[in-house]
1. Test Asp13 against the stated conditions and say whether it is acidic (Asp, Glu), free of Cβ contacts under 8 Å to residues at least 60 places away in the same chain, under 18 Å from Val63 (Cβ atoms) and surrounded by 13 or more Cβ atoms within 10 Å (Cβ to Cβ).
2. Which of the residues that make up region 27-47 are exposed (fewer than 13 other Cβ atoms within 10 Å of the Cβ) and either among the aromatic types (Phe, Trp, Tyr) or in contact with a Ser or Thr (Cβ under 8 Å, 6 or more places away or on another chain) (or both)?
Amino acid sequence: MHYRNRREAKNGDTIIQLTSSGPAKIISFGILNDATPGNDYCNGSIAAPVQQSGACLCDCIHVDDISAILAEKGLDKRPAGK
């Protein structure tokens, strides 16, 4: 089981789900559960505080990887106030 960026997926991971086509947009976030090995598509669920949505792991990225991408782009720190 792997996310879009090829990171291994594990139940209990905090993840975001991106659109499956077009520009990447976040459509869901939460904790991955019910995923079983051997399948990256429509495998598992995302438990969110208010909702639960099905998860295609190839459309998901681990929250730690998003943090790293933001840091690479210099977006990991809040801008200074005016």
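Read-outs: derived from the displayed coordinates by stated rules, not from any lab. Owing to the predicted nature of the structure, the values given are computational and were not obtained by experimental measurement. No Cβ is skipped: glycine too gets one built from the backbone with ideal geometry, and neighbour counts run over all protein chains shown.
1. Details: acidic (Asp, Glu): yes; free of Cβ contacts under 8 Å to residues at least 60 places away in the same chain: yes; under 18 Å from Val63 (Cβ atoms): yes; surrounded by 13 or more Cβ atoms within 10 Å (Cβ to Cβ): yes.
In short, yes.
2. Of all residues in region 27-47, those exposed (fewer than 13 other Cβ atoms within 10 Å of the Cβ) come to 36-38, 41-42.
Of everything in region 27-47, just one residue is exposed (fewer than 13 other Cβ atoms within 10 Å of the Cβ) and either among the aromatic types (Phe, Trp, Tyr) or in contact with a Ser or Thr (Cβ under 8 Å, 6 or more places away or on another chain) (or both), namely Tyr41.
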